[in-house]
Each structure stands twice: as structure tokens, then as C-alpha cells.
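Student: Just dropping this structure here.
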């Protein structure tokens, strides 16, 4: 369900928001790479949600009451709780997004979450990479995703400049094509978010940190001074897509008497494997998608 509470919302409790944001800024002193939403802009976009959630906190004693809320209030709580818990942001690199979109997610048990909340920063061309459809009145080019992990359920607030999109997904019961009420973007976003969490949980080799030196020079009496490098945590920057040039017969067309390999994806999937002492433990393993072409 799409929400437009980011437009026209005027909150009254700005002092609480300002104090908390100041704490977050001081705690992380965070910056973002050029192709991602700026840290300061993220605070501006999330301010209406934060103010709404702060009011709800005064009315309800525990965050368990989130199940009683409508979708707008749930989305606001997800954003606010993520910031309140000082969750470190993770930049999702465009290298890995096509592979995640070509990986199927079957019904499964809850993974062992690294954190109860996640903050994913998405590249500015996220909509085009994921082939999200056009929506009249809604901006689906999301810049960030705030995630709350509950038993058997994932609650997500996707944020663009003017739009919030709320998603609720179950590990044991993914969306199916027979779900009449689900739209194209619902299928796309559920698959993307589940694959993000599974990759972060079970494929930690794709989580890297990088020290980035700002391109702009610092201001002041010393014109040669530059601002200090900042750390960025990436998911998928070191990911390399597997490509095969050899295909089976069913992957070929006969054109002018010659066998021509069709360019296509062999879809990836997650598979439960045994591990640990006496192979009694279970974990998910990513069987990555392969891009087959004629080159």
C-alpha cells in the first residue's frame, strides 16, 4: 500500500525530532556516496514519520502495539524505531541488484537476523534497475528502505522524495501470482527485500567497508585542506555476475541453419543446507543466477 504522509504533514513535536536527529548525527557523523541520498536529506524526508511515531509513543506503552496501527502509523513507526536504535546504514550497490531480482525466494523459516532493524540506502537509479512500473501520483524511485524484523514477518517502509510505500512480508507465505490484490511492484519489492536480508545474513562475504575521500575541498583559511575520509558499508560492491557462454540445447535457436544461443537468465534460488556439528544445523545457501549469452 502506498502512503503519501510525507506530503503536507505538519508535526507539532519538532523539539523531540531535532534532539534525536542531533544525537544520530553526532553518533554516526555519517556521509553517503555521490549516487545515494544525502544523510541530511534523509533526515528531512523522515521528519514527518518521526514526529507521528513520537506522538504514538506517548499513547502506547510498547512497540508491540504496532500491530494495532493502520499502515500509515506502522510505516512511521518502522522509520522512527530504526533511527531511535541507531542502526548503521548499508549502501546497496547496483552490482548486486540485478542478481537479487533474478533470484527466487520460496517459503522458509525465519533467518537468524543480524539485527532487529535495518536501514538500506538505495542507488538513485533504483527504479530503473528493478524495472518498477510507473504509478500515477506516486514516486516509486525509492532512496531508502527501513526494515523491522518480527517473528515470521518483515515490515518495510520504502521512502522516495515524496512517497512512502509500506510492505508486510511473511517468510512462510510469499506473495503468489494468484493474489488478486497484489500489484507488480508488490512482487518486485518483496523479492528484493527478502533477498537483501538473506544475502546480508548468509552471504557476509558481500558486505564490505570502504573509506571514501570527499571530492570537495574544505573551506577556511587553509584552501588546500580537505575534509576527512568517511566510511561506507557496502552490500554487493564486490559482487561479480556469473556469465556463461555455453548453453544446453534447450537454450538454443536454429537461425539460418546455425545454432544461436539465446541471451537469458538462469534464475537463482535459496536452498536449505545442513551445517554445524553432525550437520544438525540448517542455513540458507544462495545458488546465484547465471546470465547466459552468445558472447
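Student: Grab the eigenvalues of the alpha-carbon gyration tensor for the range 93-222, scale each by 5, take roots, and send me the semi-axes largest first in whole angstrom.
Tutor: Working through the eigenvalues yields semi-axes of 29, 20, 14 Å.
Student: Within 10 Å, count the other beta carbons around each residue, average over each peptide in 157-163, 72-78, 185-191, 85-91, and list them highest first.
Tutor: 72-78, 157-163, 185-191, 85-91
Student: Rank-order 39-45, 100-106 by packing density, defined as the average count of other C-beta atoms within 10 Å over each peptide's residues, highest first.
Tutor: 100-106, 39-45
Student: In nm, to one decimal, how far is the residue 242 label point from the residue 70 one, both placed 7 Å along Cα→Cβ?
Tutor: For the pair residue 242/residue 70, the computed spacing is 4.7 nm.
No lab work stands behind these numbers, since they all come straight from the coordinates. What you see is a predicted model, and the numbers here were worked out from it, not measured in a lab. No Cβ is skipped: glycine too gets one built from the backbone with ideal geometry, and neighbour counts run over all protein chains shown.
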